[in-house]
Structure formats: C-alpha cells, structure tokens
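Taking it in order: structure first as structure tokens, then the write-up.
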Amino acid sequence: MRLKTYVVNNMTEAIPMIKRDLGPDALILNTKQIKTGGYLGFFKKEKLEVIAAVEPTPSEPKRNAESIKPQIQAVEKKMDEDIQVNENESVMPGDKQEEHLDELMSELKSLKQFMFQAIDEDRLPEALKALNKKFNAQGITEEVQSEIMAKLMLVLEKQPNTSGEKLQTLAKREIIKLINAHKKRPSRRKVDIICFIGPTGVGKTTTIAKIAADYLLSEDKKVGLITSDTYRIAAVEQLKTYAGILNIPIRVVESSADLSAAMDDLSDCDIILMDTAGRNYQQKQYIDDLKQMLPDSKKIQINLVLSLTSKYEDMTKIIDNFETIVMDQLILTKKDETSSSGAILNLIYHYSIPIRYIANGQSVPDDILTVTPELIANFVLEEDENV
Ligand SMILES: Nc1nc2c(ncn2[C@@H]2O[C@H](COP(=O)(O)OP(=O)(O)OP(=O)(O)O)[C@@H](O)[C@H]2O)c(=O)[nH]1
Ligand SMILES: [Mg+2]
C-alpha cells in the first residue's frame with residue numbers, strides 16, 4: 001500500500017492533490033485537525049491532516065521497511081538543506097517556506113510510520129526490542145514511537161554495532177528533539193489571573209498551594225487566591241487553610257459578578273490563582289457552566305490539571321471537549337502513583353499544549369517539578385524513577 005500524508009487547510013484542497021499523486025483509486029484513511037507545531041517552532045496554524053493510500057499496481061515494486069530507509073534519509077537531507085538555506089538567505093516568502101517545510105515534515109512522518117508498521121518485531125536488534133517493549137509498556141502512541149524508532153533504525157543501518165547504551169542515549173536525544181519541535185513559543189502576554197480547571201480529585205487545590213508557595217517564596221511575588229468551588233463543603237476550607245499558612249488573601253466567589261469584584265479586591269497582587277470545582281469534563285455541559293464563570297479577560301491563563309493515573313484516552317477526550325476554551329498549559333499530577341509516563345510525551349506530540357509542571361506527591365510545597373525536555377525523556381526511558 002502506498003501512503004501519503006497531506007497537511008491542508010480543508011478537504012477541498014486535499015482532493016485534487018490526492019488524485020494527482022495517488023490516482024483516482026486512492027482511499028482516504030484518516031483525517032484529523034492538527035496544529036502545525038512543525039519544525040523549530042515555526043508553525044502555529046490550525047490545519048487538516050489527511051492520510052490517503054492506494055494499493056500498488058502489479059508493476060509497482062512492493063515497499064518494505066528496508067526499501068523505505070533511503071527515502072527517509074533523502075527527505076531528511078532535503079529538509080536540513082532547505083532549512084539551512086533559508087536560515088542563511090530567505091529564498092522563499094514566509095508562507096511558502098512554511099508550506100514547503102510542512103509538506104516535507106508530513107512526508108517524513110508518513111514514511112517513518114510506514115517503516116515502523118512494516119517492520120517485523122522479531123527481526124529488530126535486541127537493543128531496539130528492549131526499547132520497543134519499554135515504549136509499549138509506557139503507552140506511547142504508534143505515531144510517536146515511529147518518530148523515535150525510525151531514527152534509531154537508520155542509525156543501526158549505518159552503524160550496525162551501535163551498543164544498547166548508545167542507542168538509549170540516542171533515544172533520549174530523539175525524545176528531546178521531538179519535544180522541542182512541538183514546543184510552542186512562550187506567550188509574552190501579561191497574565192492577571194491563572195485558573196486551574198480539571199476533573200474531580202486530580203489535585204487542583206493541592207497544586208495551587210504548591211504554586212502559590214513557589215511564587216511567594218522563590219519569586220517574592222504578592223499572591224492572591226480565589227476559589228469558585230462552593231460545590232464541595234470542605235473545598236473552601238481546604239484552600240483557606242493553605243492561604244492561612246502562606247498568609248495570603250483569599251476570596252470565595254459564586255458568580256462571575258463576584259469574581260470581578262474579587263479581582264478588583266485583589267488588584268494589588270502580582271498574580272491571582274483561581275481554584276475551580278472538579279467536574280466530569282467528559283460531559284460538555286460542565287464546560288459550558290465553567291465558561292459562564294471564567295473572567296472575560298485576555299489576561300487570563302487557563303491551566304488544565306490532569307492526573308497521570310488516568311487513561312490517556314480519557315485525557316484526550318477531556319482536552320478535545322475543551323475545544324471552546326483555549327488551553328494555555330497542562331499540569332500533570334500524581335506522577336508518583338504511576339510508572340507510566342507515555343501520556344506526557346503523547347500529549348506534547350499530539351496537542352502541542354505546553355506542560356509546565358508535573359506534581360509528584362501530596363507534600364505541599366515540595367512535590368512539584370518544573371518540566372524540562374530532559375525530565376520527560378528520563379521518565380519515558382525510566383532512567384531516573386525517583387525524580
Ligand atoms: N500521590 C499524589 N497525590 C496527590 C498529588 N496531588 C494531589 N494529591 C492528592 O490528591 C487528593 C485530591 O487533591 P485535591 O487537591 O483536593 O484535588 P482537587 O482536584 O482539588 O479535587 P476536587 O476539588 O475535589 O476536584 C488529595 O489527597 C491530595 O493530597 C500528587 O501529585 N500525588
Ligand atoms: Mg479542589
């Protein structure tokens with residue numbers, strides 16, 4: 001089967017391209033909305049990814065994992081050359097360059113996926129088998145795995161005697177590269193209020209206390225707290241206790257009018273952290289309720305808090321449901337309760353939403369880590385279980 005991936009603005013744009021490349025018998029295998037997070041953080045647009053395929057005609061040579069390796073190398077080389085040329089002298093207008101690199105990226109992606117799918121697991125060298133097993137156990141999606149494994153397979157092609165240790169180092173490098181390629185440029189907009197939203201019991205309130213303590217103690221910032229969680233009787237008391245310990249002001253709000261007043265009250269604070277009630281956000285009605293409450297301001301930062309103990313599919317369902325609320329950051333909690341870290345990498349690759357913190361325990365204020373690509377790579381490769 002011949003596969004090709006297209007990144008387009010809409011289906012109308014894709015159809016003639018598919019017909020041109022794959023002929024009238026081509027089938028569309030999959031379509032999905034993506035943010036073209038692309039290469040070196042260049043791209044930010046919403047696009048449609050279309051994967052189309054066609055069965056080879058009898059005269060066409062059958063492709064296999066081996067035959068595809070040179071193609072991958074060729075596309076990678078072309079991409080590196082094009083990027084270099086464009087860095088030195090801008091030979092294409094911005095948009096054209098974006099489109100061109102986008103196309104190369106997609107081609108590379110589908111070639112890598114094809115090679116990964118076509119590989120016979122039993123024929124993998126031992127070192128790669130072990131890595132493959134680890135990635136599967138971590139729940140890393142096939143697309144992410146193929147990005148990393150394809151690269152390692154190409155290295156082994158050139159240097160068949162590469163040691164397991166060296167491959168592990170290379171895998172780490174590839175993971176870090178992948179994370180950096182999907183990193184959004186940090187927003188420079190000034191933020192007045194940071195809201196923490198998420199499902200029930202994931203650790204929103206505890207995480208707010210940890211972050212408040214960090215702003216206060218490490219950054220010497222004046223912090224204020226607001227909670228709109230009047231749903232659970234003990235919730236207000238829980239945040240009030242932390243406010244008391246940290247000696248910072250707190251306001252309880254029940255409506256968006258209350259919230260405006262509370263924000264005015266706390267206007268001398270450098271930053272306000274807002275807690276919200278945990279809800280089952282797999283149901284969209286709760287998202288609509290939340291929207292009524294959130295401040296109508298550009299200076300709001302939304303943090304979605306999710307627990308790493310949940311299933312990846314459940315996390316994605318929640319993120320997808322939040323399509324009408326722009327998510328600025330993710331915070332992942334309860335890392336200490338699971339050895340599976342694949343979801344972290346999957347989320348970065350498939351959603352490109354920055355992950356700022358990972359919480360790893362109940363202790364306030366200590367059990368929180370600031371995320372770096374190295375930290376994630378270590379988690380995924382199980383190199384340092386205790387961090
Ligand atoms: N093991 C572990 N427990 C955590 C972590 N973060 C929070 N918890 C615990 O999880 C439980 C729930 O924490 P909360 O902060 O109340 O969670 P929440 O999201 O505010 O809950 P609701 O407001 O009821 O939706 C508490 O027992 C916390 O101590 C973490 O990173 N690791
Ligand atoms: Mg809470």
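Keeping every protein chain in place, order Val305, Val326 by accessible area at 1.4 Å, biggest value first, i.e. largest first.
So the residues, ranked largest to smallest area, are Val326, Val305.
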Ignoring ligands and nucleic acids, Thr162 exposes an accessible area, probe 1.4 Å, in Å² to the nearest 10, of 20
Hey, how many Å between the Cα centroid of the range 126-146 and the Cα centroid of the range 278-340? 27
In Å, descending, principal axis extents of the Cα set of the range 193-380: 44, 37, 31
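Report the GluC sites (Glu not before Pro) located in the range 229-319 that are in a DSSP loop and have at most 11 other Cβ atoms inside 10 Å of their Cβ, or state none.
Here the sparse-neighbourhood loop sites are Glu254.
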To the nearest 10 square angstrom, how much accessible area does Asp264 have with a 1.4 angstrom probe? 110
Compute the separation of the alpha-carbon centres of the range 149-179 and the range 348-362 and state it in Å as a whole number. 25
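If you rank Arg20, Arg189 by how much accessible surface each has, with a 1.4 Å probe, what is the order from largest down?
The most accessible residue leads, giving Arg20, Arg189.
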Compute, for Met263, the solvent-accessible surface of its heavy atoms (probe 1.4 Å) with the complete set of protein chains present, and express it in square angstrom to the nearest 10. 40
How much length would be gained if the chain were fully extended between Asp265 and Asp314, taking 0.36 nm per residue of separation minus their Cα-Cα distance, in nm to one decimal? 13.9 nm
Among Val364, Val236, what's the order by accessible area (1.4 angstrom probe), most exposed first? Val364, Val236
Taking the C-alpha atoms of the range 152-244, how large are the radius of gyration and the largest Cα-Cα span, Dmax, in Å? 22.0, 63
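The values are calculated or read from the model by the stated rules, or taken from the named source; none is laboratory data. Note that this is a predicted model, so its numbers are computed, not measured. Using ideal geometry, Cβ is built from the backbone for each residue, glycine included, and neighbour counts are taken over all protein chains shown. The protein model used for the area step is the full one, side chains on, heavy atoms only, and it has no ligands, DNA or RNA in it. Shrake-Rupley method; radii C 1.70, N 1.55, O 1.52, S 1.80 Å.
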